[in-house]
Amino acid sequence: MKRALCPGTFDPMTNGHLDVIERAAAVFDELVVVVALSPDKGGGPLFTVDERVEMVRDATSHLANVTVRPFDSLLVDLARQLEATIIVKGLRAVTDFEREFQMAQLNYRIDHEIETMFIVSIPDYMYLSSSAVKEIAGYGGSVEGLVPEHVNERLVERLCKGR
Ligand code: PNS
């Protein structure tokens, strides 16, 4: 039984994240999407961790072997606790590579029994990021097709009210 973790901040989840989760769910028996609190990332997340977990849950409800939970610990500690042996992440353009390489190396150093694997982004989502989505939505631009519909609604509600 192969259980994998798919970690991230998901502030908010994009269609690029969803594509990686769907493809990972097809490879592993169980996939646990773990949403990091990440309080310091980019001046603090736009959405609370509970909101982010809910958005990921809504978007992945069609995937029977996927569960979603928040976390605030070392990823490898969580992997051990959940008896997961794989960390699966999406890899977009080369700009992701150095940071992902560093995390994978450090996680491997902490625990050799947990492997990091990457799913390469499809060209459509290669340059898609949560921060770009927030910036576009923040200026009133449309992010339709870049995020799930319910995430789009939440972004509009959070960023565009009063415009
Ligand atoms: O979506 P992100 O922000 O790129 O995800 C980064 C995340 C949450 C996967 C990473 O920051 C993480 O694993 N945080 C947990 C703390 C930890 O284990 N840090 C050591 C990794 S080298």
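The values are calculated or read from the model by the stated rules, or taken from the named source; none is laboratory data. The structure displayed is predicted, hence computed values, not measured ones. As a convention, Cβ positions derive from the backbone with ideal geometry for all residues, glycine included, and neighbour counts pool all protein chains shown. Keep in mind that these areas ignore ligands, DNA and RNA; they rest on the heavy atoms of the full protein, side chains included. Shrake-Rupley method; radii C 1.70, N 1.55, O 1.52, S 1.80 Å.
Among the residues making up segment 109-120, those that are in contact with a strand residue (DSSP E or B) (Cβ under 7 Å, 6 or more places away or on another chain) and within 13 Å of the ligand (Cβ to nearest atom) are Ile114, Thr116, Phe118. Restrict the check to segment 123-144 and report whether at least one residue is hydroxyl-bearing (Ser, Thr, Tyr), touching a residue at least 12 places away in the same chain (Cβ under 8 Å), under 15 Å from Leu18 (Cα atoms) and away from the ligand (no atom under 11 Å from the Cβ). Yes - at least one qualifying residue is present in segment 123-144. Asp111 satisfies every condition listed in (1) open to solvent by less than 30 Å² (accessible area, probe 1.4 Å); (2) under 22 Å from Val49 (Cα atoms); (3) among the acidic types (Asp, Glu) except (2). Look at Val147 and say whether it is under 30 Å from Ala79 (Cα atoms), in contact with a helix residue (DSSP H, G or I) (Cβ under 8 Å, 6 or more places away or on another chain), at pLDDT 95 or above and surrounded by 15 or more Cβ atoms within 10 Å (Cβ to Cβ). In short, yes. Quick check: anything in segment 20-38 acidic (Asp, Glu) and within 22 Å of Ala137 (Cα to Cα)? Scanning segment 20-38 turns up no residue that is acidic (Asp, Glu) and within 22 Å of Ala137 (Cα to Cα). Considering segment 1-111, the qualifying strands (runs of 3 or more DSSP E), each wholly inside and each with 1 or more residues that are in contact with a helix residue (DSSP H, G or I) (Cβ under 9 Å, 6 or more places away or on another chain) and without any contact (Cβ under 8 Å) to a residue 60 or more places away in the chain, run over 30-36, 66-71, 86-91. Of the residues making up segment 129-138, not a single one is outside any helix (DSSP H, G or I), at pLDDT below 95 and either among the small types (Gly, Ala, Ser) or surrounded by 13 or more Cβ atoms within 10 Å (Cβ to Cβ) (or both).
If you take the residues of segment 112-128 that are of a type in the set (Val, Ile, Thr) and not in a loop (DSSP other than H, G, I, E, B), which of them is farthest from Asn15 (Cα to Cα)? Taking the candidates together, the pick is Thr116. For Ala93, the conditions (1) open to solvent by less than 20 Å² (accessible area, probe 1.4 Å); (2) within 11 Å of the ligand (Cβ to nearest atom) are fulfilled apart from (2). Looking across segment 45-60, the residues that are under 16 Å from Glu153 (Cβ atoms) and open to solvent by 30 Å² or more (accessible area, probe 1.4 Å) come down to Leu46, Glu51, Glu54, Arg57, Asp58. Which of the residues belonging to segment 5-44 are exposed (fewer than 15 other Cβ atoms within 10 Å of the Cβ) and farther than 17 Å from Ala59 by Cβ? If the condition is that a residue be exposed (fewer than 15 other Cβ atoms within 10 Å of the Cβ) and farther than 17 Å from Ala59 by Cβ, then Val27, Asp29, Pro39, Asp40, Lys41, Gly42, Gly43, Gly44 are the ones that fit. Scanning segment 72-84 for any residue that is of a type in the set (Val, Ile, Thr), exposed (fewer than 15 other Cβ atoms within 10 Å of the Cβ) and modelled with pLDDT of 95 or more turns up nothing.
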